[in-house]
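Notes follow the structure.
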Amino acid sequence: MRALLVFFAAGLMSPALAAPLAPPEVAEQWLIRLMDLGPKPPPAACGKGNLLLGKRPYASNNTLNPQRITDDVMPAAGGLWESPLTSKLKGKSAFVTYDLGEVLPIGALLVQGDNNDRYEISVSLDGRSFTPIWTAPFHPTGGMQVRLTQGLSAEGRYLRLGFPTGDDAYSIGELQAFCAQPSVWPPPVKIEKTPKTPQDTRKLKMARGKITFGLLGLLAFLGLFAARRYPQARWLLPLGASAALIFIVYYTNEQIRLKQGETWIGLSVALCLGGLTWLWRNQDREGVWIKGERAALVALTLAAAVTWINFGTFHGSRAVHYWDTFHYYVGSKYFKENSYTRLYKCAALAEMDDGREKEVMERKIRDLRNNALLSAEEHLKDVKECRQAFTPERWSAFRQDLRLFRSEMGTDWWQKMFKDHGYNPTPVWNLVGSTLTNFGWRGLVPPDKLVNSPANIRAQSRPTRTEIHHRFEEDRAKFKVRIQRFAYFDAALYLTLFLALGWAFGLRIMAFSMVVWASGYPWAYFWTGGSFGRVPWLFFAVVGLALLKKGYGFLGGWSITWSALHRVFPAALAGGVTLQILIDLITKKKLSVFQKRIMLGATLAVGILIPLSIPVAGSARAYPDFIENSMKHKSTPLTNNMGLQTILSYRPSDIARKTKSGKFSDPFKIWKIKRKENFKSLILLYGAIILGFLVLIGYVGREAQAWEVTAMSTILLMSIFELTCYYYNFIILMAPLAFKRPRSAVVLLAAVIYGQWLQLKIGWYDEQYTAESAVIIGAALFIILERAWEIFQARRAEGGAAAPSVETPAHEARSIK
């Protein structure tokens with residue numbers, strides 16, 4: 001009978017039907033099952049225990065530490081997704097397969113995995129053709145979480161877990177399979193706490209790598225500086241750069257396991273040794289040392305770029321910062337509807353319309369009118385303004401964007417995001433941001449029937465639910481590509497601003513600036529890297545500095561003013577040039593042509609960009625709203641603020657770890673009150689310090705060039721404004737000034753490295769960023785004082801006569817600077 005069935009399945013069927021079906025043995029199985037001819041082989045007798053306990057994988061793909069999946073040990077609920085207790089699945093094609101030894105029934109499963117991912121479980125009789133039996137779903141609570149299923153009626157010899165979907169950060173803590181549901185359910189599993197000592201955290205790994213790179217960069221530049229007196233010290237530059245390059249390749253491989261990583265390490269070693277050997281043998285030939293020095297500086301530059309992106313790990317599992325991008329993308333796209341105060345309220349209302357009332361009501365939401373942290377019920381008492389602000393079509397688009405961001409961020413991060421501080425750029429930033437984000441805004445809005453919301457899904461048939469799922473996955477894929485392209489925009493600006501430094505100041509200063517940028521902590525990648533629109537203000541500030549150095553007064557004035565119109569606080573960069581202009585008006589009764597061009601560029605930037613921004617913002621009301629929003633934030637202390645005000649507000653008795661209290665909806669309420677009181681008590685000292693900085697810059701400005709006093713004015717940014725830590729990437733504006741004097745260069749880079757060390761030693765943000773503020777302001781002050789001392793000595797040598805103000809910057813020789 002069996003031979004006859006095979007004959008009919010594989011021989012008598014027409015080619016058109018037989019070809020796509022399968023080999024004869026598969027046809028045999030299919031016909032036997034279909035006709036129910038012959039008894040099925042019964043599954044083997046099965047014990048009551050975990051079928052996978054201690055098993056090694058039969059096959060796997062892109063799965064690290066698979067032994068952790070079946071060791072009967074898992075991290076505590078909420079533990080880190082990437083730890084010594086978990087197995088990491090690298091990408092959506094990752095899987096691991098286990099051979100049960102014989103065909104067994106599968107009645108119950110336990111999976112512990114990262115919360116915001118789905119994991120497919122499949123079975124197979126032959127290890128080749130698999131049938132899905134369950135997908136472990138998303139879990140609403142963050143970190144590693146258990147998912148359970150029972151009552152399955154599957155059987156197979158091979159069990160496969162894999163092909164995850166979610167946030168691209170996939171990991172499994174434990175997988176257990178049972179023939180039937182055990183009497184004790186969930187089954188007991190040994191729980192171990194995820195190691196939380198600094199030695200086991202990613203934070204320490206990144207800090208170690210950046211400190212090491214910073215020290216190697218410091219060694220390289222010390223050789224460059226010392227070579228002025230000790231020629232043989234010049235070897236420290238190529239040696240330090242070679243060590244930095246090899247270290248970066250090695251350390252990057254340690255973090256992300258490069259394909260053929262050992263080959264890359266070997267190539268980097270061979271390249272550096274070959275280059276050093278060539279340089280040694282040809283060091284006396286004309287031009288060879290210049291080429292070697294350039295190669296070393298390029299190596300440092302490339303190593304710095306990899307260091308800043310956390311040695312290729314970016315945000316741990318992805319390059320895009322969805323939390324940050326949400327505010328800039330959604331905030332600008334729907335600015336006309338939400339303005340500065342309705343983003344979280346309208347988003348919560350939209351989720352309630354989607355059928356997530358219970359989830360929304362369990363969260364706390366920041367009231368963006370006053371920065372108070374309220375319960376959702378209290379915050380959503382009056383939602384008329386949201387209903388009135390949106391048209392039905394825009395409301396549908398808004399809801400879809402929320403679903404897409406939520407799907408990428410996961411429930412836990414999504415819930416926490418509503419405690420942030422909203423969308424805060426200026427209307428001039430919004431001029432470009434809103435225009436870009438609204439381009440093709442209807443493209444991802446599904447028909448009403450295919451909306452992927454709980455409320456809609458409950459009302460649809462099974463086939464329609466499947467269609468909804470497929471449509472949302474298609475929209476999600478398009479959305480990810482779109483957001484990645486917006487993130488590329490910021491990456492391109494970073495690249496361009498450092499090229500501008502190289503164009504204006506030379507390769508040496510460009511490389512030095514990148515080492516400073518890559519080694520620091522307050523502006524690290526995890527704060528704003530991979531976002532959209534975080535860089536334009538810095539881009540225009542740095543490009544403005546470069547333009548002033550090259551003698552383009554009009555463009556320099558325009559660029560720095562555009563930076564100020566993006567973020568307001570960069571206006572302080574004009575402090576030094578403004579003092580120069582005032583001093584010249586008082587002492588000379590006239591201005592130079594260069595100064596007039598700067599003023600013209602600044603004036604036209606204001607006169608053109610502000611009017612252009614008003615139609616995009618919806619009305620001129622956007623400017624009073626922005627001012628009100630800014631004053632609100634200025635009166636709200638944050639634990640990651642930095643600056644002179646942060647230092648003066650500090651008291652050991654009022655730090656957050658002593659004043660944080662769960663008695664209030666905002667646990668930092670007492671801390672905020674104390675910070676305000678402490679600062680107010682020293683307001684006169686605050687004013688006196690700022691005045692002292694102005695006098696110091698004015699003194700230097702009588703003989704310094706415009707770009708120099710612009711760089712010095714970064715200390716005014718730190719003093720006049722209390723900014724969140726990530727804005728301190730403006731420290732690279734000080735790099736060209738510091739590099740001119742070796743002591744200043746060493747102090748700046750050493751301060752940055754020390755700041756990286758500080759964040760490991762101080763756990764609480766308010767204490768950490770107070771210390772970081774003191775270090776960075778101290779370094780900036782040292783750089784300015786050294787320049788002032790240089791001028792003082794020159795004046796004393798010349799009998800006290802002040803040199804005339806420079807009309808146009810002097811261009812240095814075209815060589816490696």
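Look at LEU222 and say whether it is part of a helix (DSSP H, G or I) and within 33 Å of the chain's Cα centre (by Cα).
yes
If a residue must be within 20 Å of SER60 (Cβ to Cβ), surrounded by fewer than 22 Cβ atoms within 10 Å (Cβ to Cβ) and in contact with a strand residue (DSSP E or B) (Cβ under 7 Å, 6 or more places away or on another chain), how many such residues does the range 102-144 contain?
12
Each row is one residue, and each column tells you yes or no for (1) in a strand (DSSP E or B); (2) farther than 30 Å from LYS480 by Cα; (3) basic (Lys, Arg).
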residue: ASP99; (1), (2), (3): yes, yes, no
residue: GLY127; (1), (2), (3): no, yes, no
residue: GLN150; (1), (2), (3): yes, yes, no
residue: GLU155; (1), (2), (3): yes, yes, no
residue: PHE163; (1), (2), (3): yes, no, no
residue: GLU174; (1), (2), (3): yes, no, no
residue: GLN181; (1), (2), (3): no, yes, no
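Can you pull out every residue in the range 69-91 that is open to solvent by less than 20 Å² (accessible area, probe 1.4 Å), assigned to a loop (DSSP other than H, G, I, E, B) and within 18 Å of PHE138 (Cα to Cα)?
Hits for the range 69-91 are GLY79, THR86.
Would you list the helices (runs of 4 or more DSSP H) that sit entirely within the range 385-482 and hold 1 or more residues that are among the aromatic types (Phe, Trp, Tyr)?
So the answer is 392-409, 411-417, 427-437.
With more than 27 Å from LYS358 (Cα to Cα) and of a type outside the set (Gly, Ala, Ser) as the only criterion, which of LEU404, LEU444, LEU450, LEU431 stands out?
That would be LEU431, the only listed residue that is more than 27 Å from LYS358 (Cα to Cα) and of a type outside the set (Gly, Ala, Ser).
Test of understanding: among THR437, THR411, THR464, which residue is β-branched (Val, Ile, Thr), surrounded by 12 or more Cβ atoms within 10 Å (Cβ to Cβ) and under 30 Å from VAL606 (Cβ atoms)?
Testing whether each residue is β-branched (Val, Ile, Thr), surrounded by 12 or more Cβ atoms within 10 Å (Cβ to Cβ) and under 30 Å from VAL606 (Cβ atoms) leaves just THR437.
Only one of GLY533, GLY551 is open to solvent by less than 30 Å² (accessible area, probe 1.4 Å), more than 30 Å from GLY755 (Cα to Cα) and not in a helix (DSSP H, G or I); which?
That would be GLY551, the only listed residue that is open to solvent by less than 30 Å² (accessible area, probe 1.4 Å), more than 30 Å from GLY755 (Cα to Cα) and not in a helix (DSSP H, G or I).
On the given criteria, is TYR119 farther than 11 Å from ILE172 by Cα, in a strand (DSSP E or B) and either among the aromatic types (Phe, Trp, Tyr) or free of Cβ contacts under 8 Å to residues at least 12 places away in the same chain (or both)?
For TYR119, the condition - farther than 11 Å from ILE172 by Cα, in a strand (DSSP E or B) and either among the aromatic types (Phe, Trp, Tyr) or free of Cβ contacts under 8 Å to residues at least 12 places away in the same chain (or both) - is not met.
Which of the residues spanning the range 149-165 are closer than 19 Å to PRO137 by Cα, of a type outside the set (A, V, I, L, M, F, W, C) and either within 37 Å of the chain's Cα centre (by Cα) or open to solvent by less than 40 Å² (accessible area, probe 1.4 Å) (or both)?
Within the range 149-165, THR149, ARG160, GLY162, PRO164, THR165 meet the criteria.
On the given criteria, is LEU538 open to solvent by 10 Å² or more (accessible area, probe 1.4 Å) and closer than 24 Å to THR301 by Cα?
No, not satisfied.
Considering only residues that are open to solvent by 10 Å² or more (accessible area, probe 1.4 Å) and either without any contact (Cβ under 8 Å) to a residue 60 or more places away in the chain or small (Gly, Ala, Ser) (or both), look in the range 323-344 and name the one that is nearest to THR435 (Cα to Cα).
For the range 323-344, the residue satisfying everything is SER339.
When the residues of the range 50-68 are filtered to those that are polar (S, T, N, Q) and part of a loop (DSSP other than H, G, I, E, B), which remaining residue is least open to solvent (accessible area, probe 1.4 Å)?
ASN50
Can you report the number of residues in the range 508-527 which are in contact with a Leu (Cβ under 8 Å, 6 or more places away or on another chain), in a helix (DSSP H, G or I) and open to solvent by less than 40 Å² (accessible area, probe 1.4 Å)?
9
Return the residues of the range 637-664 that are in a helix (DSSP H, G or I) and in contact (Cβ under 8 Å) with a residue 12 or more places away in the chain; say none if nothing qualifies.
Within the range 637-664, LEU644, GLN645, THR646, ILE647, LEU648, ASP654, ALA656, ARG657, THR659 meet the criteria.
If ALA372 satisfies all but one of (1) over 30 Å from ALA305 (Cβ atoms); (2) small (Gly, Ala, Ser); (3) open to solvent by less than 10 Å² (accessible area, probe 1.4 Å), what's the number of the condition it fails?
(3)
Conditions (1) under 27 Å from PHE498 (Cα atoms); (2) open to solvent by 40 Å² or more (accessible area, probe 1.4 Å), marked per residue:
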| site | (1), (2) |
| --- | --- |
| THR636 | no, no |
| GLN645 | no, no |
| LEU684 | no, yes |
| ALA704 | yes, no |
| LEU717 | yes, no |
| GLU722 | yes, yes |
| CYS725 | yes, no |
| ASN729 | yes, no |
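The values are calculated or read from the model by the stated rules, or taken from the named source; none is laboratory data. Predicted, not measured: the structure shown is a model, and the values here were computed from it. When we count neighbours, we look across all protein chains shown, and the Cβ atoms used for this are built from the backbone with ideal geometry, even at glycine. Calculation scope for accessible area: heavy atoms of the full protein, side chains included, ligands and nucleic acids excluded. Shrake-Rupley method; radii C 1.70, N 1.55, O 1.52, S 1.80 Å.
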